[in-house]
Amino acid sequence: MERFETVIIGGGQAGLAAGYHLKRQGRQFVILDAHPRVGDAWRTRWDSLRVFSPAKYDGLPGFRFPAPALSFPTKDEMADYMEAYARRFELPMRTGVMVGSVTREGSRLRITTNAGGFESDNVVVATGGHRTPRVPEFASALSDGITQLHSSAYRNPAHLREGAVLVVGLGNSGAEIAWDVRVGRKVYVSGSPVAQVPVKHGGVASLAIWLPLIQFMGKHVLTVDTPIGRRVLPKMKGVPLIRIKTKDLEAAGARRVARVTGAREGLPLLADGSTLDVANVIWCTGFRNDLSWIRLPNLFAPDGHLAQHRGVATSEPGLYFVGMPHQYSAASELLPGVGRDAAYVARKLGARLDAKDGVVRSDAAEVVSVGP
């Protein structure tokens with residue numbers, strides 16, 4: 001049983017940002033990540049993926065993204081940046097460590113993993129909201145002759161069978177993947193976007209007006225501290241289509257179809273009663289935020305929502321979150337938002353440890369006096 005002041009679970013952008021701020025405070029901590037290599041959460045996504053926000057918005061605290069400000073990094077460039085970030089600040093990473101559970105024993109928290117047990121005063125959950133792929137139960141009723149992939153497992157068209165493709169879900173992942181598989185195939189797209197950014201992504205209007213506006217709204221307007229944020233955030237079910245729009249897909253020959261409701265004779269069944277004879281189905285149906293591995297009795301409030309405010313658990317002392325959807329703002333799980341949330345959580349976590357140890361600080365990093 002290894003003991004630390006703090007264990008951070010998850011070594012993606014949220015975990016790295018939390019580690020940066022704890023390192024500045026001189027804290028003793030470790031970051032556990034299930035992937036073999038720092039940045040693999042980005043490396044394992046589909047090959048053609050580029051970040052939607054320009055590089056000027058993609059850096060983590062203390063280290064700007066090393067690319068032209070208005071360029072859009074590839075997923076591998078983002079992964080390499082994450083790895084360089086961990087090296088630059090000498091963050092204590094443990095890769096290949098899969099967490100099985102978090103429980104409490106007295107005032108301390110215990111973490112079971114495939115690499116042994118850990119015990120700590122604090123746990124920062126930085127696994128994000130994209131942990132468990134969501135696929136409908138009727139997917140198992142589709143024919144074995146149909147290749148099925150969740151968007152998290154899709155890499156490129158070469159991994160698909162010859163023949164038509166049905167993409168289920170029309171968020172940004174669905175639109176991007178449908179565009180990626182369009183060449184030489186019949187493509188069907190099921191679903192409707194929540195909205196669409198009305199200008200060309202990467203164009204002058206987008207870079208000069210829409211992206212700065214969206215960044216400002218996502219970070220500073222739609223928060224739990226504003227009336228409009230408290231009203232809008234619970235109703236947000238997705239984000240507008242950013243790069244690939246429905247008109248782009250239709251111009252490329254993709255056919256919009258009704259909602260997929262089940263299976264009939266091994267084929268996808270649509271809401272209009274028809275079936276589709278396809279060779280491939282790609283489920284772009286999102287993720288479940290599964291926190292069942294955190295086995296603490298007061299994790300959720302009576303209304304079923306996570307019992308936390310700005311990443312600080314309200315009923316489980318020592319438990320914190322970074323990178324959760326709408327944790328504080330609409331940008332909380334995105335690159336532009338995790339740094340601010342991580343700084344807040346680190347301040348609260350540090351204040352708790354200082355109060356326990358009788359330490360007084362003039363700011364988040366400098367020790368002024370230590371009590372008896």
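Derivation of every value follows stated rules applied to the coordinates shown; laboratory data play no part. Everything quoted here is computed from the prediction, not taken from an experiment. As a convention, Cβ positions derive from the backbone with ideal geometry for all residues, glycine included, and neighbour counts pool all protein chains shown.
Computed as a quarter of the hull surface, the mean projected area of the alpha carbon convex hull for segment 104-254 stands at 14.4 nm². Considering all different alpha carbon pairs of segment 50-103, the Kirkwood hydrodynamic radius works out to 12.7 Å. In this simple spin-label approximation, ASP290 and ASP357 carry label points 7 Å from Cα along the Cα→Cβ vector, and these lie 3.7 nm apart.
Just to confirm the filter: which trypsin sites (Lys or Arg not before Pro) across segment 39-94 are DSSP coil and have at most 13 other Cβ within 10 angstrom of their Cβ? The qualifying sites are ARG64.
Within the chain, DSSP assigns beta bridges of which about 45% are antiparallel (rounded to the nearest 5).
Would you mind ranking HIS309, HIS21, HIS35 so that the residue whose beta carbon has the fewest other beta carbons within 10 Å leads the list? Show your work: numbers first, answer last.
Numbers: HIS309 13, HIS21 23, HIS35 19.
So the ranking, lowest neighbour count to highest, is HIS309, HIS35, HIS21.
The lysines whose alpha-carbon is closer than 17 Å to the alpha-carbon of LYS356, local same-chain residues fewer than 8 away aside, are LYS348. Taking the longest Cα principal axis of the chain as reference, the axis of helix 75-88 is set at about 10 degrees.
Calculate how steeply helix 335-357 sits against the longest principal axis of the alpha-carbon atoms of the chain, using the helix alpha-carbon long axis, and give the answer as 0 to 90 degrees to the nearest 10. Roughly 30 degrees between the two axes. Ordering MET236, MET324 by the number of other Cβ atoms within 10 Å of each residue's own Cβ, fewest first, gives MET236, MET324.
Annotation: average projected area of segment 4-128 is 7.7 square nanometres, based on the convex hull of Cα atoms across all directions. Relative to the longest principal axis of the Cα atoms of the chain, the long axis of helix 13-24 lies at roughly 20 degrees.
For the residues ALA355, ALA14, ALA164, a GNM of the chain with alpha-carbon springs under 10 Å puts the largest fluctuation on ALA355. Taking ALA331, ALA301, ALA346 as the candidate residues, the one with maximal mean-square fluctuation in a Gaussian network model of the chain, Cα springs under 10 Å, is ALA301. The dipole here belongs to segment 157-298: it is taken about the Cα centre, uses +1 on the Cβ of Lys and Arg and -1 on the Cβ of Asp and Glu, and is about 320 debye. Computed over all pairs of different Cα atoms, the Kirkwood value for the hydrodynamic radius of segment 214-372 is 19.8 Å. Listed from fewest to most Cβ neighbours within 10 Å, the set THR285, THR95 follows the order THR95, THR285. Across segment 1-89, Cα pairs under 8 Å and at least six residues apart give a relative contact order of 29 percent. Using a cutoff of 8 angstrom between alpha carbon atoms and counting only pairs six or more residues apart, the relative contact order for the chain works out to 21 percent. If you run the Gaussian network model on the chain, springs between alpha carbon atoms under 10 Å, then out of VAL30, VAL51, VAL189 the most flexible one is VAL51. Let me make sure I get this right: for segment 284-344, a, b and c are the square roots of the gyration tensor eigenvalues over alpha carbons, sorted descending. Under 1.5 in a/c it's rounded, otherwise prolate if a/b > b/c, else oblate. Which is it? Oblate is the answer for segment 284-344, as a/c is 1.5 or above yet b/c matches or exceeds a/b. For a straight C-alpha distance cut-off of 23 angstrom, the lysines reachable from LYS245 (same-chain residues fewer than eight places away being disregarded) are LYS75, LYS186, LYS200, LYS235, LYS237.
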